[in-house]
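The values are calculated or read from the model by the stated rules, or taken from the named source; none is laboratory data. Just so it is clear, the model here is predicted, and its values are computed rather than measured. Counting neighbours? That spans all protein chains shown, and the Cβs are built from the backbone with ideal geometry, glycine included.
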Amino acid sequence: MKTETTPQQEYSSALVAAIGELSNVAKTAANPYFKSKYAPLEAIVDATRPVLLKHGLAITQAPLFMDGTAGVETTILHVSGYSTTTTLLLPLKDQSPQGVGGAISYARRYSLAAVCGLATEDDLDGNEHLPVKREEARPAVAKVMDKNPSVRPAGAVTGVWRGVLPTNTKIAAKSKEGSPKVWTLYAVEFNDSGKIIEAMTFDEKLFDAATEFGKEGVIVDVGVAPSKKDPSKFELVTITPSE
């Protein structure tokens, strides 16, 4: 008596037979980051589609975008009606159309090769779709402080910004881990008749005062001096309510 096979069994037999016929695809594309080669997506599709169809199989890939990641949902379908689905999501370097499209293309290639049991890369070449870690730009005076934390900008007032409003306060830079002296460089932005101007200080009390004046909408007079280490920047020396 002949035993009937289930759709899942038919699917499994077809997939095993197809994978048995597939061969690794030539690595004709180059990844300059790792100096390695890989098989491009179109080559993988051309090599796998005829073999899969021969055994009643097809693959669909739906793009996904979720919480700062992008990728594909890859489904293997069999004529019996049975299917399996896997999902691959990759972190994005940026959320521009190019960044999202690049991540989806990489995910399509990687997923297709994986579900077909193919080795199509010398090594992982997805680094172009990973977030690039860059050191945040540091003000010139902060770079000087990194080398010699005893250095401070000039502290004598050389000019006064009168009738300005503190609009934003933030930390511009901090001492690096392991530095012989711990310091914090603060930045304060002021609105001067619609023009935004900025001064920096290492003095936490001045920073706190500027923050409070800004919250309360207090117009202030600000004593400043050009930084000796970065003449394009101003040091915040004094801050008092305007009379």
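Does PRO231 meet the test of being outside any strand (DSSP E or B), surrounded by 13 or more Cβ atoms within 10 Å (Cβ to Cβ), modelled with pLDDT under 65 and not assigned by TED's automatic domain parsing to the domain that holds LEU41? Step through it out loud before you land on a result.
On the way: outside any strand (DSSP E or B): yes; surrounded by 13 or more Cβ atoms within 10 Å (Cβ to Cβ): no; modelled with pLDDT under 65: yes; not assigned by TED's automatic domain parsing to the domain that holds LEU41: yes.
The answer is no for PRO231.
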When you check THR201 against the structure, is it of a type in the set (Ser, Thr, Tyr) and in contact (Cβ under 8 Å) with a residue 40 or more places away in the chain, yes or no?
no
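Among the residues of the stretch 204-219, how many are among the hydrophobic types (A, V, I, L, M, F, W, C) and touching a residue at least 40 places away in the same chain (Cβ under 8 Å)?
So the first thing to find is which residues in the stretch 204-219 are among the hydrophobic types (A, V, I, L, M, F, W, C), and the list is 206-207, 209-210, 213, 218-219.
Cutting the leftovers down to touching a residue at least 40 places away in the same chain (Cβ under 8 Å) gives us 210, 213, 218-219.
Adding up the residues that qualify gives 4.
Out of ALA187, ALA210, report the one residue that is over 14 Å from ALA142 (Cα atoms), at pLDDT 90 or above and surrounded by 16 or more Cβ atoms within 10 Å (Cβ to Cβ). Break it down stepwise before answering.
On the way: ALA187 fails: over 14 Å from ALA142 (Cα atoms).
Matching residue, one of ALA187, ALA210: ALA210.
Kindly provide the set of residues from the stretch 129-176 that are at pLDDT below 75, within 14 Å of LYS233 (Cα to Cα) and not charged (D, E, K, R), ordered by number. Show your work before the answer.
Of the residues in the stretch 129-176, the ones at pLDDT below 75 are 129-155.
After this cut, where a residue has to be within 14 Å of LYS233 (Cα to Cα) as well, the list is 138-144, 152-155.
PRO139, ALA140, VAL141, ALA142, VAL144, PRO153, ALA154, GLY155 - these are the residues of the stretch 129-176 that are at pLDDT below 75, within 14 Å of LYS233 (Cα to Cα) and not charged (D, E, K, R).
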